[in-house]
1. Can you tell me which of R168, R191 is out of contact with any Phe, Trp or Tyr (no Cβ under 6 Å at 6 or more places or on another chain) and farther than 28 Å from D140 by Cα?
2. Residue check: is D139 assigned to a strand (DSSP E or B) and either in contact with a strand residue (DSSP E or B) (Cβ under 6 Å, 6 or more places away or on another chain) or closer than 30 Å to R31 by Cβ (or both)?
3. From A9, A41, A80, A46, grab the single residue that is in contact with an Asp or Glu (Cβ under 8 Å, 6 or more places away or on another chain) and either on the phi < 0 side of the Ramachandran plot or among the small types (G, A, S) (or both).
4. In the stretch 173-185, is there at least one residue being assigned to a loop (DSSP other than H, G, I, E, B) and crowded, with 24+ Cβ neighbours inside 10 Å?
5. Please tell me if F220 is in contact (Cβ under 8 Å) with a residue 60 or more places away in the chain and on the phi < 0 side of the Ramachandran plot.
6. Taking the stated definitions as given, is D35 surrounded by fewer than 20 Cβ atoms within 10 Å (Cβ to Cβ), modelled with pLDDT of 95 or more and closer than 21 Å to R216 by Cβ?
7. Would it be correct to say that H126 is free of Cβ contacts under 8 Å to residues at least 24 places away in the same chain and crowded, with 18+ Cβ neighbours inside 10 Å?
8. Go through the residues of the stretch 59-75 one by one and say whether even a single one is more than 19 Å from the chain's Cα centre (by Cα) and under 24 Å from G247 (Cα atoms).
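The values are calculated or read from the model by the stated rules, or taken from the named source; none is laboratory data. Keep in mind that what you see is a predicted model, and the values were worked out from it rather than measured. In this analysis, Cβ positions are derived from the backbone assuming ideal geometry, glycine residues included, and neighbour counts consider all displayed protein chains.
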Amino acid sequence: MLSPIECAAYRQDGFIVLPDVLTRDEVEALRRVTDEFVHKARSVAANDHIYDLEDSHSPDEPRVRRIKTPHLHHSEYARAARHPKIVEVLADLWGTVRFDTGKLNMKSAGYGAPVEWHQDWAFYPHTNDDLAAVGIMLDDCEAENGPMMVIPGSHLGPVHDHHGPDGRFCGAIDPAACDLDVSRAVPCFGRAGSITVHHVRAVHGSATNFSGRERRLLLFQYRAADAWPLLGFAGGIEKFDELMLIGEPTITPRLAPVPVRLPLPPAEYQGSIYENQRTTGRRFFETAADRERVAAAAE
């Protein structure tokens with residue numbers, strides 16, 4: 001599936017974009033299911049085990065910013081998580097593949113919330129860093145609708161501090177405090193059906209979607225068979241081994257000399273990265289609420 005050039009680009013930059021991995025019919029099926037979930041959110045008043053809601057959500061105007069663990073709630077999402085082309089890409093990188101979890105980030109037209117700069121590794125460090133997230137584009141990702149942006153080569157650098165002013169984990173980096181040059185970030189553009197693959201240590205983020213077009217990204221996390229979570233696996237060894245997609249499970253984790261900074265003490269707000277980042281004490285990306293306040297002040 002991956003060419004030598006694509007493998008080399010991933011090793012060097014920490015991310016790649018692969019076009020047209022899912023067919024039009026597969027994307028349309030995922031879109032239909034997603035629209036159904038948003039419609040059902042009319043009856044939900046607060047964040048729960050399925051929905052993470054925008055602050056402006058209401059029954060008359062349902063606004064969902066994330067569908068949590070979508071693969072557990074519908075077969076279309078579960079099928080996408082084990083898409084043979086995606087598994088083949090990851091097998092080309094690691095040889096073995098174990099599924100982790102997933103989420104659907106709903107960057108809705110006109111108000112889709114930003115995600116501050118961060119490294120996934122800060123949330124779930126393992127014994128080695130053969131981990132990646134795969135993003136399935138349900139919509140065309142363009143400059144105007146808040147594409148994911150990744151800093152090339154950042155996966156080879158340090159693990160930055162993701163703690164807030166109170167000393168608790170907040171899931172966001174302060175670029176100024178760690179001299180992080182975010183101007184080098186590259187947006188991940190692609191047509192619906194394309195996928196992104198980004199290394200677990202790659203620094204990335206995304207701006208608010210102020211455009212009139214949706215930007216929904218279905219994200220699944222994967223790891224090599226010998227990468228074991230340092231914070232443990234609550235489901236036990238049997239459940240852990242059920243997540244194997246390619247290769248054989250092992251009880252011999254591979255220990256690599258990779259930097260680790262544990263996400264402790266835990267974030268004050270739990271449930272999603274959006275909740276974690278409430279206590280950052282700083283914002284790099286403008287939000288829809290920020291823009292509304294500026295407009296109101298100008299009147």
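1. Going through R168, R191 in turn, just one is out of contact with any Phe, Trp or Tyr (no Cβ under 6 Å at 6 or more places or on another chain) and farther than 28 Å from D140 by Cα: R168.
2. Values: assigned to a strand (DSSP E or B): no; either in contact with a strand residue (DSSP E or B) (Cβ under 6 Å, 6 or more places away or on another chain) or closer than 30 Å to R31 by Cβ (or both): yes.
No.
3. A80
4. Checked against the condition, which is being assigned to a loop (DSSP other than H, G, I, E, B) and crowded, with 24+ Cβ neighbours inside 10 Å, the stretch 173-185 yields at least one hit.
5. Numbers: in contact (Cβ under 8 Å) with a residue 60 or more places away in the chain: yes; on the phi < 0 side of the Ramachandran plot: yes.
Against the criterion (in contact (Cβ under 8 Å) with a residue 60 or more places away in the chain and on the phi < 0 side of the Ramachandran plot), F220 qualifies.
6. For D35, the condition - surrounded by fewer than 20 Cβ atoms within 10 Å (Cβ to Cβ), modelled with pLDDT of 95 or more and closer than 21 Å to R216 by Cβ - is met.
7. no
8. Yes, there is a match, as at least one residue in the stretch 59-75 is more than 19 Å from the chain's Cα centre (by Cα) and under 24 Å from G247 (Cα atoms).
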